[in-house]
1. Given the options MET183, MET170, MET109, name the one that is touching a Cys at 6+ places or on another chain (Cβ under 8 Å) and either modelled with pLDDT under 90 or surrounded by fewer than 18 Cβ atoms within 10 Å (Cβ to Cβ) (or both).
2. Would you check if there is a residue in the range 211-227 being more than 30 Å from GLN398 (Cα to Cα) and open to solvent by 20 Å² or more (accessible area, probe 1.4 Å)?
3. Which residues, counting only those in the range 25-52, are closer than 14 Å to GLN106 by Cβ and open to solvent by less than 50 Å² (accessible area, probe 1.4 Å)?
4. Working carefully through the options VAL290, VAL259, find the one that is under 20 Å from the mean Cα position of the chain (by Cα) and without any contact (Cβ under 8 Å) to a residue 40 or more places away in the chain.
5. Kindly indicate the residue of the range 19-60 that is in contact (Cβ under 8 Å) with a residue 60 or more places away in the chain and polar (S, T, N, Q) and also nearest to ALA347 (Cα to Cα) among those meeting that condition.
6. Here are some residues: PHE262, PHE286. Which one is at pLDDT 90 or above, in a helix (DSSP H, G or I), open to solvent by 10 Å² or more (accessible area, probe 1.4 Å) and of a type in the set (Phe, Trp, Tyr)?
7. Within the range 368-381, restricting attention to residues that are open to solvent by less than 50 Å² (accessible area, probe 1.4 Å) and among the aromatic types (Phe, Trp, Tyr), which residue is nearest to GLY297 (Cα to Cα)?
8. State whether the residues of the range 359-367 include one that is open to solvent by less than 50 Å² (accessible area, probe 1.4 Å) and hydroxyl-bearing (Ser, Thr, Tyr).
Amino acid sequence: MGAEMRRIHVGNALSAFGLGFTVPYLYIYVAQVRDLGAMTAGLVLAVFAVAALVVLPFAGRAIVRRGPLPVLFAALVAAAVGALSLGLASSSTTVLLSAAALGAGQAVMQPALATMIVDCSSTETRSRAFATQFFLQNLGLGVGGLIGGHLVDASRASSFTLLFSIEAAMFLLLVVVMATVRMPRAPQVEGAPGGAGGSWKQLLGNRAMVQLCAVGFVLFFSCYGQFESGLSAYGVEAVGISTSALGTALAANTAMIVVAQFAVLRFVERRKRSQVIAAVGLIWAFAWVVAGYAGLGHGSQTMATAAFVSTYALFGLGEAMLSPTVAPLVADLAPNGMAGQYNSAFALVKQLALAVGPAVGGPMGASLHAPYVVTFLLFSLGITFLAVRLGKQLTPVQNQPSLAKSRVVARGGASAESVRTAA
């Protein structure tokens with residue numbers, strides 16, 4: 001790992017730390033500490049999603065034109081301003097505007113950092129780079145949430161002001177760290193359309209990318225979109241778990257990712273990407289079967305709780321398999337110089353799924369227990385079906401990058417990039 005990649009990974013960890021530092025406590029802060037009510041608190045969480053959906057279609061084009069670093073700097077400054085003003089806000093208007101700035105900044109960070117990873121890696125090293133990113137993101141989220149929870153006190157508004165001020169300082173520190181990164185010269189876009197509409201038309205004309213976006217939507221909708229809404233509501237209402245057990249389940253998810261990430265990476269690097277995604281669909285389908293046993297079975301409460309915690313752990317195993325698979329595939333599908341556009345498009349799909357997932361899963365998980373489990377079991381099997389179809393749209397090297405290395409050996413040292421281009 002080169003010096004530039006190490007700095008990028010530090011940036012990923014710091015941005016995740018800032019997110020985990022404050023987001024879990026937003027609802028309490030707005031509704032109780034600032035006494036603005038549950039309605040305003042719900043709107044704040046919605047504003048995060050809406051802000052992301054508004055800025056991401058423009059972020060990709062900006063990354064292509066200006067490069068990822070300037071876009072990342074703008075996103076970090078916006079997030080810092082949003083975090084600081086949120087800690088000082090006392091009215092509904094200022095809280096919502098601050099949340100919009102923070103949400104927009106955090107949304108744009110994702111494709112900007114992902115594009116930097118693409119530009120500083122090769123086809124052979126990209127899977128490991130994205131696996132490291134995912135590992136550090138989860139570590140940052142967990143550590144941030146743990147430290148933030150010990151700093152806040154619902155009886156003292158000043159403790160939340162301190163929390164958001166630290167988050168703002170973290171984003172500004174990240175500006176300093178990223179300013180030391182020396183990015184390789186970005187390639188010229190080959191035959192790029194003149195306007196933003198043309199670039200989106202070009203992307204939508206890539207059948208493999210469109211199918212990958214469809215897979216991504218189902219992935220995020222049926223897993224990430226359920227963690228803090230439908231699945232947690234199902235656990236409380238159907239399984240009867242306590243809040244501490246729910247915390248244990250979330251910890252089991254993070255622990256599985258941290259423990260399994262690099263062990264899984266060795267397995268994934270030797271397999272076709274479409275097969276790995278298909279396997280994740282089967283693992284998650286089994287996870288929903290376990291969740292069904294937890295809530296609909298007739299075992300003891302201890303067995304039900306253990307099964308529910310295992311569900312989160314199985315989801316974590318699937319996430320660890322996806323991190324070195326999906327993001328590198330997005331990069332490999334992008335034409336030269338268009339990685340920012342493709343990363344932003346995929347981030348937009350993710351945000352749409354994360355917005356729709358809780359809205360659908362929350363009410364079902366709370367009241368329609370059996371239909372909820374069956375619905376998302378079928379969605380997980382749908383991941384497997386879509387992944388198999390996606391594999392037919394990929395070139396052999398796109399589907400299994402390790403083939404490029406073997407072809408280099410066979411050709412007596414031809415560059416990996418030339419092999420990929422030839423494929």
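1. Values: MET170 fails: touching a Cys at 6+ places or on another chain (Cβ under 8 Å); MET109 fails: touching a Cys at 6+ places or on another chain (Cβ under 8 Å).
Every option except MET183 fails the conditions.
2. Looking through the range 211-227, at least one residue is more than 30 Å from GLN398 (Cα to Cα) and open to solvent by 20 Å² or more (accessible area, probe 1.4 Å).
3. Taking the range 25-52 as the starting set, the residues that turn out to be closer than 14 Å to GLN106 by Cβ are 26, 44-45, 47-52.
Hits for the range 25-52 are LEU26, VAL44, VAL47, PHE48, ALA49, ALA51, ALA52.
4. VAL259
5. Looking at the filtered set, the residue picked out is THR22.
6. Details: PHE262 fails: at pLDDT 90 or above.
Residue meeting the stated conditions: PHE286.
7. Taking the range 368-381 as the starting set, the residues that turn out to be open to solvent by less than 50 Å² (accessible area, probe 1.4 Å) are 369-370, 372-373, 375-377, 380.
Applying the additional criterion that residues be among the aromatic types (Phe, Trp, Tyr) yields 372, 376.
Values: TYR372: 15, PHE376: 18 Å.
Top of the filtered list is TYR372.
8. Narrowing the range 359-367 to residues open to solvent by less than 50 Å² (accessible area, probe 1.4 Å): 361-362, 364-366.
Within this subset, residues satisfying the condition of being hydroxyl-bearing (Ser, Thr, Tyr) are none.
No, because not a single residue in the range 359-367 is open to solvent by less than 50 Å² (accessible area, probe 1.4 Å) and hydroxyl-bearing (Ser, Thr, Tyr).
The values are calculated or read from the model by the stated rules, or taken from the named source; none is laboratory data. Worth saying up front: this structure is predicted, and the values here are computed from it rather than measured. Counting neighbours? That spans all protein chains shown, and the Cβs are built from the backbone with ideal geometry, glycine included. With ligands, DNA and RNA removed, areas are computed over all heavy atoms of the protein, side chains included. Shrake-Rupley method; radii C 1.70, N 1.55, O 1.52, S 1.80 Å.
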